Amino acid sequence: MNYHLKPFGDNAVVIHGGDEINPQTQNLVQSICEILERQHEEWLIEYVPAYTSVTLFYDIYIASKLAKKHEPPFETVSRRIHELLSSYTTEQKIRQRVIEIPVCYGGAFGPDLSYVAEHNGLTPEEVIDIHSTGNYTVYMIGFAPGFPFVGGMPEKIATPRRKTPRLKIPPRTVGIAGKQTGIYPIETPGGWQLIGRTPIELFYPGQEPPTLLQAGDKIQFKPISLKEYKQWEVQSQ
């Protein structure tokens, strides 16, 4: 396992798994998370996976109790991380969920669908077909609670962000920014190109975990009609 450690403030360490966003680095990040999840280290407060790294926040007091003579907490935690990751093998199986996300494209739900199509020399129908057949992976959750940064969108529909961000984007709106696609889980400002909306909630503040999607999940977008969208909403009430 190729990685290196860096301190992050006085009670965190970053495990860097690479410099490029690609499936190999993402698998490494997921493997690190799998190992941490299994071990239940008492010094570990939480870990946060990102595109190419995992940040671990630790309890300084507990780390100090586990330290060797004159060993700073960062060194204690680093030593334990090396011990944990030494169990990694390339044959290690990673838990991976496939989650279907229904999307009603265009109309009031996707006001930028026509722009995305025009920018790429396509029809709106072609954009929908391409977007709904991509090979998508959730690389990280961030920006807003439950917001998935998703890789794997075909470059044929890549579109720059808006020059002027919107002040309010409705919850569950699907957007495109550059080569990425994502879903706004809550109402928030944003500059992504909006192409549709899903009736599925992504953020559940009263549950554990509070987000539908997790880093490493696979996503399949499924086009639905406005009628199906409204039926879905009624059923979920």
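What FRET efficiency comes out for the pair E83/H4, r = Cβ-Cβ distance, R0 = 25 Å, nearest 0.05?
Computed FRET efficiency for E83 and H4: 0.95.
At R0 = 22 Å, how high is the FRET efficiency between N22 and S114 if r is their beta carbon distance? Nearest 0.05 is fine.
Calculated transfer efficiency: 0.10.
Which aspartates and glutamates have a Cα lying under 17 Å from the Cα of K65, excluding residues fewer than 8 positions away in the same chain?
D10, E41, E42, E75
Explain nothing, just the number: dipole magnitude of region 103-237 about its Cα centre with +1 on each Lys and Arg Cβ and -1 on each Asp and Glu Cβ, in debye rounded to the nearest 20.
Rounded to the nearest 20 debye, it is 280 debye.
Given charges of +1 on the Cβ of Lys and Arg and -1 on the Cβ of Asp and Glu, with all other atoms neutral, how large is the dipole of region 154-232 about its Cα centre, in debye to the nearest 20?
Values: 13 positive and 6 negative charges, 97 e Å.
The calculation lands at about 460 debye.
Report the Cα-based extents of the chain along its three principal axes, largest first, to the nearest Å.
So the extents along the principal axes, rounded to whole Å, are 66, 37, 36.
If you project the alpha carbons of region 8-56 onto the principal axes, what extent comes out on each, in Å, largest first?
Extents along the principal axes: 31, 25, 10 Å.
Return the FRET efficiency for the residue pair W232, I99: r is the Cβ-Cβ distance, R0 is 25 Å, and the value is rounded to the nearest 0.05.
With a Förster radius of 25 Å, E is 0.95.
Hey, what angle do you get for helix 226-236 against the long axis of the chain, alpha-carbon based, 0 to 90 degrees rounded to 10?
Once rounded, the angle reads 50 degrees.
Calculate how steeply helix 23-39 sits against the longest principal axis of the alpha-carbon atoms of the chain, using the helix alpha-carbon long axis, and give the answer as 0 to 90 degrees to the nearest 10.
That helix lies at roughly 50 degrees to the long axis.
Once you treat every alpha carbon in region 169-214 as an equal point and sum by Debye, what is log10 I(q)/I(0) at q = 0.19, 0.23 Å⁻¹?
Reported log10 I(q)/I(0), two decimals: -0.59, -0.80.
For G178, list long-range residues whose amide hydrogen, built 1.01 Å from N in the peptide plane, is under 5 Å from its own amide hydrogen.
Hits under the 5 Å cutoff: T159, R161.
From the phi angles alone, apply the Karplus equation (6.51, -1.76, 1.60; θ = phi - 60°) to region 77-85 and give each ³J(HN,Hα) in whole Hz, x where the residue is Gly or Pro.
Taking θ as phi minus 60°, the curve returns 5, 4, 4, 5, 4, 4, 5, 5, 6 Hz for region 77-85.
Keeping every protein chain in place, order Y47, Y61 by accessible area at 1.4 Å, biggest value first, i.e. largest first.
Reading off the accessible areas and sorting them downward yields Y61, Y47.
Under 5 Å between amide H atoms, partner at least 5 residues away or on a different chain: which partners does I224 have, H built in plane at 1.01 Å?
V103, C104, Y105
Under the Kirkwood approximation for Rh and a Cα-based Rg, what ratio Rg/Rh is obtained for region 95-202? It would help to have the intermediate numbers written out before the result.
On the way: Rg = 12.7 Å, Rh = 13.7 Å.
Expressed as Rg/Rh, it is 0.93.
Go ahead and estimate [θ] at 222 nm for the chain from helices alone: -39,500 (n - 2.57) per DSSP H run with n ≥ 4, summed, over the residue count, rounded to 500. Display every interim value, and only then the final one.
Values: 6 runs with 62 residues, N = 237.
So the calculated ellipticity at 222 nm is -8000 deg cm²/dmol.
Apply the a/c threshold of 1.5 to the C-alpha gyration tensor of region 10-147 and tell me whether it is rounded, prolate or oblate.
prolate
Within 10 Å, count the other beta carbons around each residue, average over each peptide in 112-123, 205-216, 187-198, and list them highest first. Intermediate values should be presented prior to the final figure.
Working: 112-123: 16.7, 205-216: 14.2, 187-198: 21.2.
Put in order of decreasing packing, that is 187-198, 112-123, 205-216.
So, in nm, how far is label K65 from label F143 when the simple model puts each one 7 Å beyond its Cα toward the Cβ?
4.1 nm
The values are calculated or read from the model by the stated rules, or taken from the named source; none is laboratory data. If you're wondering where the values come from, they're calculated on a predicted model, not measured in any experiment. No Cβ is skipped: glycine too gets one built from the backbone with ideal geometry, and neighbour counts run over all protein chains shown. Calculation scope for accessible area: heavy atoms of the full protein, side chains included, ligands and nucleic acids excluded. Shrake-Rupley method; radii C 1.70, N 1.55, O 1.52, S 1.80 Å.
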